[in-house]
Structure formats: structure tokens, C-alpha cells
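Scroll down for the structure; my scribbles are underneath it.
Coordinate-derived values only; no laboratory data. All values derive from a computational prediction rather than experimental measurement. With ideal geometry, Cβ positions are generated from the backbone for all residues, glycine too; neighbour counts draw on all protein chains shown.
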């Protein structure tokens, strides 16, 4: 089948979804979407598995700065799909140069998320990008601008978003049957390990360490800084908190879409037993215009929470709801329920997070965790980590997206890129 | 002057990466020698007043002829206002034939015996005066190795050195007690920072008294070389103590921290990187002290040129930018 690509004008908009105004690529429903995967760690493998199983996806390229991982994942793919014709790259720029690729997925460490997505948008590609959205707040802002300019499709890889449970929880909360929700408590147990005090090493020949670091400050190689545990370093990520925020804050934004964040107060500790520096434990208090939102490393004192490693507890004037990815418990008065039959189904269900994205690539309508939604949902996490690092309460202006009266905190909203990398 | 030279020497050693430990050892030796220098000591009691102390509600101590006297029937122990972690304390004491007092170290005055330990001062009259309870012992925890001169009615000199895990007591220039606190089970829960206290004389005998004079302290936690040494501690509790001391000292620590960060030791590298950040975080606090901020800003600017490691240089420049950003606005 010959591949068709052409530009087409559109005037169709959908309520609640960003309008795509002028021009876009068109992939016919019968056509294959040509996908490349960048970042071949554990999440990269998940991407590979998820996407290669769709009949309308062709896995065109795999990319990683570590040749060992690249070969491993190609082998896995070939075992599953023996006829696949997939090229491998160690430099993602060569992937972006290919005009025959429609979509990239990105499962690199966090400090690469934004720039790869931005460069992909600029090269006319749609992006399924892993959480968290970016490394810094500023990157998220630039991502959004370039995404809009290029009318690209972006889905943040918060696959829990697509679950039946999250949709039903959102319906229950939005129905008002718990009254007005004034407080939400989020938690995720566990924190950053210390990772010991290993000495620096010469990176293995199979790893392009300089490319792995990319826009992050140069640092000597130590295995724990790299694969698997990079997220316990502020140089690259935001620890367990930064990792899981998007999954569980998602249900708050799906249900309530809180607005007017104005205060962030964070407490916590770094590990003492190693070179890792992200929180061993963290507690953050967020004040929104109409909502108090709390994050803790230990479960909050609400029934059942102690058994859940991650969760959200909504407190309303007439009742409460506790949920995680797959379960929910509603408490109204003395009653304990898992559903309220009278609440109608109002939210359209997702066909699955990856399918939803692929459909969006074809329809040019933005998917469920699009960049506008995902950026707003992820934002408080970055602010809390700045409060954690500065060890002080911060005031936030959600209109200007600046801290008030704290220039040092504003300084930490961005990080200069290491040459030759730069943000547009 | 000498202290400055030592520090320069120390920093030079740090620069020579592979002999860091030799540098530290030399520094430790020199610190011991420096201990002889009175310049580094400040008065806690010089005969004039009790400005550094918090008298209890029932008194118990009074200044008589420039000496601190305790001998009444009632009274409270006397504690310093400030808390100290690592230090050399020097004092002179005199006990009557039935004197019974002591020096409390690293304690919380609210519960001094539970949180700290007492360096005993006791005239040799009670039946309990074994080596674990005599003058110079860490009362009930660590016995004296060398029994001091216990003659009553004359002045004795005492020196107590709290040096992270090690507590060393000397009387009349001879060491009586050496305690490695991490090997003393009964001291496992003791504080490693606290007030210094003088125990009210409590013999409940006719003619009891204890007298003190010339109480001087050298606070090691304000000395950059000593603080740096703590960054190499494997025990995180003492590393944390050194981090905190470095943070409190501020600007003066910037260069030593930058040099440690340029070294090879992963403990010291990661600790100094973190403390430099924390220092800038404190310096940029809108509610913080202007002087702390200005001094740290200057020190960062001056240090960036002196370091050889490009990684450290860029880190210092990034931190410098953070302070500059907050100064400009």
C-alpha cells in the first residue's frame, strides 16, 4: 500500500478540545502509522510492546544512546514480530530527520523529555511522551508553544488516565453526591534510596554518556546516575514524587480541574546514605482557590489508606471517596459503597491510552492527556520540588506562572541547557 | 595568623587529590597543636558575669571574688545559653573535702542526665568513688583510665574535648578518660549537640562547695578545616552535623566546599555539592539576612576562578546566578 500524505484545511472543532486551525498531516484510517521509539529502558520496552501490537502501527525505528539496550529491544521486537523492518539509531536527531516517520514515543530520562518532544514537533511528528512532562516548568511552557505552532498531537504517557475506575471516580465527584470537595489528600509510599557513595567510572563503550546527559550539566559517569536510578538525582529528575505525581494527581485534575494555585509549602528530607538527592520523604501542602491539596509519603489517616501504596482521598461536605488506580471506596454518612448507581455515565470512555493517541494522530483531535491538560496537571509537582529544595513556603501566581517575592525560586523554574543544546 | 596558614595548607592538600587523607591527618594533628593557642578560645566565664549562662529559678551559683561558687543547700544547675556540638572546654575547679559537682556536656537542660552525660567532679569522700564515678569519669558511662589528682582545696585544670565520636577528658594536663561514644551502649541515645552545664554542688554535707574559674571554650564547629573533616565521616549523623556547621558558617566555607567537590571522595563531593546549594537557598531566602547573602555571593564569585574542575566551576556559576537573580530584583 502506498503511503498518502497531504495537507488539508479544516474548520471542525470539538467542544472541550483544543482547536487545530489551519493545516495538518493526514493519515487515512486504513494507513499504517509509522512509529519510532526513543529511549529503550523499561518504559521504552512497554511502548514497544503496546504500539507494535496495533494493526495500524509499523515500528520503523528504535533509538537509544546505549547500544546494548538497543540490540536487546530490537531482539525482543523481532521475536514478537519476525517480519518487522526496524532501523536502530543512537542519535535521536537521525530519527527526527526521517520524513517517513509520523510518531515518536519518548521514554528517555526526564531531562530529555521536553527537548526531544519539541524537536519532534518541529520536524512534523506527533509525540507520545513519558511522564513527567519535562524537567523544568519553563520546558513545559516552550513545549506547549511549539506544540501549538506545529499543530502536533501530544499524549502524556499517563496510561492510568484511560482506566474505567478513573472515569467513574470523576463522574462520582462531578455528580456532587459528596457535596463540595474541599480537600484532597494524595500519597505515594517510598522515597529515594541513597544509592551509596560509588566512585566515578569510565562509561562503557556501548554508552554515549555525553549524549545521555544531553542538556543536563556535565557530570562524571557513575552507573547509579544512569539507567534505572537516574530519577533519584535532581540533575535529571524529581524522585519518587516526581515520578508518581502525574499518575495520581491525574484523578484530581480529571475530577475537579483545580484552579488558582497560590501557595506551596513543602517539607522533607534527602537520603543520608548516598549520592542521591531527591526526597527520601516529602510532604507538600498546595492551596488552590477552592481546594486544599496535600501530598504525603506516608498514607494519610483515613480508613483503608494504610494498605494502599498510592492513593487519593477526596473529602467533600457530604462524604468522601478514597481511590487508587483500580479501586474506590465511597463514604456517605455511615454508608460505605463502591458505586452510586443513580449517577449517570457522562464521560466518554477511553479506548485505551495508546489507542486514544493513535486515533488522535489520525483524527487530528487532541487526545485525553494532551499537552494543555498534562502541563497544568504536572505543574504543582515542579513547584513543590522547588519548595523542597529551597526549604521554604512559596507564593505562586498562576496567571503569570511566577513565584511572588522569591526570585531564587523563579530561577529554579528553568535550567540553562548545556551546549550544543538549546530551547527554541 | 597561624590558623589562616593552616587552612591554606589544608586546602592545598585537598587540591592534591590522592593525598587527601594525609592532608586530613596533618590537619588533625595541627588542630591538636592549635589547641594550645588561647586565641581560639572564648570566655564562657571570666569572673565578671554570667552573660553566657541561664541561671535556674532557685539560683545555686554566685560570683564571689571573680570565682563561680556553688555550695548552698538548694539551687539549680547552670547551663549555657548556646548549644555546642564539637569543642574544647577548659576550666579550673576546686572542691571542698565534701564537694560534689560536675560538668554536663551535650545535654538538653530540660532533661540533662537523660540527654547528655556528666563529667564528674567529686571529692574522694563517698563510697561510690570507683573509676566509673570519680572525677574525670563520664559518670556511670565511661570509667577513667588514669585516675587524676583528687586533692581537695586546690585549683585543678580540666579540659573536655568533644570531637564527634570521641570525648576526651584531661585533668591537670593528663588525659583521664577517652570515650569512643559509638562503642558505649549506654550512650547510644545521647545527644551529640547540646548545652554545657555546671552541676549545683549537691553533697548535702556541712562545708560543701565547688568553685570554678577561667571557663573557656573553643568551638570547633566554626573552624573550616574541622568542618571539612566531618564531610568524610562515614557516620551520617556526624556528616549531617558538619553540613549544618558549614551552612551556619556560610561564605567562609564556600572555597573549602568547592575544593572538596573538586576532589575524588564521593562522600565529600556529594556532601559539599549539597551544602553549597543549601547555602544559596538560605542566602536567597527573602526573609534571610542580607549580610549572609552578600558574603556568600562574593565568595561564590571569588571561588569560581580558583577551581580546576570544569564541573564544579559551572556549578558555582549556576549557584552564583541564583543569588545574582535574587539581588537584581
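Calculate I(q)/I(0) for the range B:42-219 by the Debye formula, one identical point scatterer on each C-alpha and no solvent, and give its log10 at q = 0.10, 0.13, 0.16 Å⁻¹ to two decimals. For the requested q values the scattering log ratios are -0.32, -0.57, -0.90.
Highest mobility in the GNM of chain A, judged by mean-square fluctuation with C-alpha springs under 10 Å and restricted to A:117, A:152, A:170, is found for A:170. Separation of the range A:46-105 and the range A:109-162 by C-alpha centroid, Å? Centre-to-centre distance over Cα atoms comes out at 19 Å. Rounded to the nearest whole angstrom, the semi-axes of the ellipsoid equivalent to the range B:82-151, taken from the Cα gyration tensor as √(5λ), stand at 21, 13, 12, largest first. Calculate, for residue A:391 and residue A:342, the FRET efficiency according to 1/(1 + (r/R0)^6) with r their C-beta to C-beta distance and R0 30 Å; round to the nearest 0.05. According to the calculation, E is roughly 0.05.
Mean silhouette area of chain B, derived from the convex hull of its C-alpha atoms and averaged over all directions, reads 18.0 nm².
Taken over the Cα atoms of the range B:196-329, the convex hull encloses 145 Å³ per residue. Pairs of C-alpha atoms in the protein assembly as shown farther apart than 42 Å represent 44 percent of all such pairs. For the range A:139-195, the alpha-carbon radius of gyration amounts to 1.71 times the rule-of-thumb value 2.2 N^0.38 Å expected for a compact globular protein. Enclosing the Cα atoms of the range A:302-424 in their convex hull gives a volume equal to 229 cubic angstrom per residue. How much of the DSSP bridge set in chain A is antiparallel, in percent, rounded to the nearest 5? Of all bridge pairs located within chain A, approximately 55 percent are antiparallel. Centre-to-centre, using Cα atoms only, the range B:153-197 and the range A:232-253 are separated by 47 Å. Label-to-label distance for residue B:188 and residue A:349 is 5.7 nm, based on points extended 7 Å past Cα in the beta-carbon direction. Comparing B:135, B:70, B:234 in a Gaussian network model of chain B, where Cα atoms under 10 Å apart are tied by springs, the biggest mean-square fluctuation is seen for B:234.
Could you tell me how many degrees, from 0 to 90 and to the nearest 10, lie between the Cα long axis of helix B:20-34 and the main elongation axis, the longest principal axis, of the Cα atoms of chain B? Approximately 40 degrees, to the nearest 10. Bridges between two residues of the protein assembly as shown, per DSSP, are antiparallel at a rate of about 75%. Across the range A:283-424, the relative contact order, built from alpha-carbon pairs under 8 Å that are at least six residues apart, equals 8 percent.
If one takes the longest principal axis of the Cα atoms in chain B, at what angle in degrees, from 0 to 90 and to the nearest 10, does the Cα axis of helix B:266-283 lie? Its long axis makes an angle of about 90 degrees.
Largest mean-square fluctuation among B:46, B:163, B:305, in a Gaussian network model of chain B whose springs join Cα atoms under 10 Å apart, belongs to B:305. The reciprocal of the average 1/r between distinct C-alpha atoms defines the Kirkwood hydrodynamic radius, which for chain A equals 22.5 Å.
Could you tell me how far the Cα centroid of the range B:267-329 sits from the Cα centroid of the range B:206-230, in Å? The range B:206-230 and the range B:267-329 have Cα centres spaced 32 Å from each other.
Going from the fewest other Cβ atoms within 10 Å to the most, the residues B:132, B:300 appear in the order B:132, B:300.
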